[in-house]
Structures are given as structure tokens and as C-alpha cells.
Amino acid sequence: MTKINMTKWTARTGFAFLTMCSLALTSGMPALAGGELRLAMSANSEPANLDYQVDPYTSTMLINSFMTDPLVVRASDGSFVPGLATSWEISDDAKVVTIALREGVTFQDGTPFNADAVVYNFERILAPETGSALLASQVGPVGSVKALDDMTVRFNYNSAWVTFLDMATKAPMWSPTAAAASTPSEFDKKLIGTGPFKLVEWKANDYILLESWDAYRGSNDGVNLKGPAQVDTVRIQWIAEPAVHGSVVATGEADISYQIPALATEQYKNTAGVGLLAMGQPGVGLQMIMNVRNQPLSDKRVRQALLYGRDMDRVNDILYDGLYGEADGPLNNIHSCFWEGASDMYLHDPAKAKALLDEAGWVEGSGNLRVAQGVEGVEDGTELNISWTVLHHPEIGEVVQAQLLQIGVGIKVEQVPGPVQLERRTSRNFELMYERLRSSDPKILDDIWNSAYDVPGGWNWGGYHDPELNAVLDVVAGNPNFERRCDAAKTAQKMIMAEALTFPTLAQPSYTAISDNVQGFKLGATGTHFFIHDVSLSK
């Protein structure tokens, strides 16, 4: 197996801490058909619902890809290649998309895969009763989805939608027969797709068991093998303890451990029989969104003070030995459309932070925390405490807590499961809350910051409304020219940072530990996806 030389993160250079290794792993040992692939994942990433048509998390999308092929596949080199759709035609104005479907494909229950099945799936995604937490917005402003014949589907959009192909890599296609016989809250326990693996069992807080589907004939041009998978079963084990998650490949208890903690990588340096793959994750970093609807974060001066009061380089050194990446703005620093001005906009300056808080009416009190004095809507003497709600990485909040205490701001860190996060999103009951979307396309800025998405189920969680920002984001989302979209994305980031609407922290690299017994494993184009159909095991 190709090994990686681990070096420390170098400031302002992106994910320069790794020498990239080969993405398709091979060894000199002969491959053996069959066996169980043991895949370890962090318990923090276990979905609440295993159906990505409902659940918004990338772990759900990844696991769905084992069970059903998407219409379009993003290959390891980042290109779009055929999946269940063999070709596509997009009109010059990006309002009409016509796709031709792969013939001879059936779902795992024998239901034919055809145009009617595609129409059914998109109608299900868009139906309010499905409760899609993200995918419906990624489908976009589609006016109609029509079957032109048995194997051709046309999407007619009300306005230009340039991210159709990106969306088509994410949307799982399920058997209409099986989905119609269940409810969205129940179907995730009996998912029926077209992919190489069938769902056998999901035991919450423990494992997911998949088995190879013998009738699979290949609907994914992103992999090499066209027949059934070479392993008999895949066991996805949820690991709650970070130290265990990081070590299970080294100890022989797992074949692959996905997204292990950064500090666990040390044990894989120059270790026989195991290796390490690493990749940055372009998109939004480990961002804390600011709810600007209410005090104290409705005041821009308070928001700016928080940004001047933090020192994320110091956080990175304390927690991760500098191995995490930089996320200085609404897009992280390795994103191709990152606005570089964000890196110097809020350099650590406690004195400036304190002056802004004084100006906003949050003055020094008798204790460690500042108190309100003449702050509109806040009783005088109220201490400046702000909640910090996360799914994972609570340690970042804890170090930031100590930093912001130096300027008189209290941070209350709370780690919650995904359903609680989404409930607080819906009720708008938060102050600072983790919100991350990952994509190499800048459209994610539109998802998070366009006020059109400040609706139930939308991803504008912070509640900021600005027609000028919306107009820029409309270009990001709808202009067919990518360079113009990228330029607009940089303008949008400048506007967002000027208003201090987000609390950027760090960018999490994706480390995958893998045994030399594993052959044919391929990482996807970003750190959020990989392919296991070609995998075989050698013993």
C-alpha cells in the first residue's frame, strides 16, 4: 500500500500537510472473493433516518450509494460519468435537462427501473410529506418532471438550474413499489435500490449490515467491476469513542476506518500492514452560523467582536497539532471559489473586540462576563452568554470558550444529535449552531445565505435578509458560466463577512485508515465519498 508522509499544516496554503497517495489501492497479495468488509465510522455521523431523500447528512448519502446507484456519478477525478443515466442534454439557458436512462436495470425487488421510476422518486423528494431536509432544495425550482418515453426523462425548470448534475450524483433512486408501501419514517429500515449491496439490518447505535446483491450487473461508470461485488457482506460499525475509532485498523478490528481523528494518524506512520488516505473537504468548514434574529447577535458589533476575539490558529495547534485546515470564510480555503480577503478580515484583536462590545452596550461587570447596559430588548445587568450548539467537535467550542472569556463573553457549549439540531433549526431556537454543507460547487452559498431559503426545511438558518446579497447569490446559483458564478461567490463571501454573519472555525480533513488486506478501494473526488464496489479482501 502507498504510505503518506505526514507533515504539519502550513498556514495560508490550503491542505498542504499531506502528500497525496494513490486513490485506487492495490497490494501484492492475491485477492480472494467473498468475506466481510468491516468499515468503522464515528457514531456522531450515524443518521437519524437512513434515506437521503429525507436525511440531510453526508454519511447518509454515502451509505445510500452502496445500496443504489445515482443517475450521475462523480468519478474520483471529479468528472461526471454515467450512472443510471447514460447521457444527458442541458439547454443553453439551463432550464431544460433531458436524460436517457440505462436499459436492463431492475431494483432489488424486481421492479423495473425506468422513466416512471425516476418521476416517482423526484415527486417523492419534493412532496411535503416526505420532509426532505436538504435534497428537495438541491433539486431546485423544477416545474415538472416528465417521462418522454420508457427510458427518457425531462426536467423543466422555472429558472436556470446549473447544479443539476451535482444534485443527480446525490439523489438516491428507490424502488417505487417498496417506497409506496411504506412511510418516510419507516422506509429507511427496508430500503430497496439498484446498487451492489442490499440492506440486511440497521441496529441503531451499533451497526448496519449489507449483503452483496447477486443480480447486480453494473450501473456505475465510476467503478471498474460491472458484476456483483466481490465481498459477501459489509458491516458498518458505529464507534463512539474517538480513540477506538482511530485505532481499529491498526489493531486489526476493522479493514477501513473512515474519517478518523487527526491526532490518531500518528500511529499509521511507517506502520506495516496499514496505510492512510487523506483528502480535504471543499465546501463550508466547521462553521457556526449566527442567528441574527434576536439579541445579542442581531447587533453586528457583537458578531464582529466574537470574530476578533477568536484565534483559530491557536485552536488548531492546541487541539489538532496544526493538522486541521483553514476555514477563514463562508467557504473554506481549499475551495476553488474561496475569497482570500476573508483570511485577513478579522485577525485576532482582543482590544478591538472589547471596544466593539463597549459600543454595543455590553460593558464590563463585577464578574468575568460583560453585562447589558442600555441594550435594546435586554434587561440591564444581563450577562453576555451565548449558546454554542454542535453535532461533533465540542472541543473547538471549549477552547473558543476560554478565548472569548478574555473579552467578557460566555460561551455555553452543547453537543446534540442530528434530530435535535434540525428541530432547533426549525424553531430558530439557537444562537451559534454548527451548519456545514460540502461541495466543490459554490451553490452551497446560495443554499445557506439566500433569504428565499429562510423557510421550514430551508438552510438559511441565520435569518439574514438582504436583497443585494440575494441578487449576487442568484448569479452563483443560476449563471451558466462557472467563472462568473465563482466571481459572484467571492463577492457574496465578502458581503457575508462584512456583516459578520458566520463564525468560521476550521476545516476538517478526511483521514481514512485502511488495511493492506483491502484491494480496489477508491476515494471519491472529495473527502465525503468513496467507492467499495471494486473492493476485495486478501488474507
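A short reminder: the numbers here are calculations on the coordinates, not readings from a lab. Worth saying up front: this structure is predicted, and the values here are computed from it rather than measured. As a convention, Cβ positions derive from the backbone with ideal geometry for all residues, glycine included, and neighbour counts pool all protein chains shown.
General observations
- Highest mean packing comes first when the peptides 357-365, 509-517 are listed by Cβ atoms within 10 Å, giving 509-517, 357-365.
- Label of the coordinate-derived value, Cα extents along the principal axes in Å, listed as [x] 72, 68, 50; [y] 88, 60, 50; [z] 72, 56, 41: [z]
- Look at the alpha carbon pairs under 8 Å that are at least 6 residues apart: their mean separation over the length of segment 288-507 gives a relative contact order of 30 percent.
- Close amide H pairs (under 5 Å, H built 1.01 Å from N) link Leu84 with Leu71, Val72, residues at least 5 positions away or on another chain.
- Amide H contacts of Gly283 (H built 1.01 Å from N, under 5 Å, at least 5 apart or other chain): Asn332, His335, Ser439
- Highest-first packing order for the peptide set 246-253, 446-453, 423-430 is 446-453, 246-253, 423-430, based on the mean count of other beta carbon atoms within 10 Å.
- Rounded to whole Hz, the Karplus (6.51, -1.76, 1.60) HN-Hα couplings of segment 105-111, x for glycine and proline: 9, 10, 6, 5, 9, x, 5
- For segment 189-197, Karplus couplings with θ = phi - 60° (6.51, -1.76, 1.60), whole Hz, Gly/Pro x: 8, 8, 5, 10, x, 10, x, x, 10
- Net charge dipole, the chain: roughly 640 debye, given to the nearest 20, about the Cα centre with Cβ charges of +1 for Lys and Arg and -1 for Asp and Glu.
- Peptide packing for 69-79, 282-292, 325-335, 377-387 was compared via the average number of neighbouring C-beta atoms within 10 Å per residue; ordered from the highest value, the list is 325-335, 282-292, 69-79, 377-387.
- For Leu469, Leu225, Leu101, order by how many other beta-carbon atoms lie within 10 Å, fewest first: Leu225, Leu469, Leu101
- Prolate/oblate/rounded label for segment 63-144 (Cα gyration tensor, a/c 1.5): rounded
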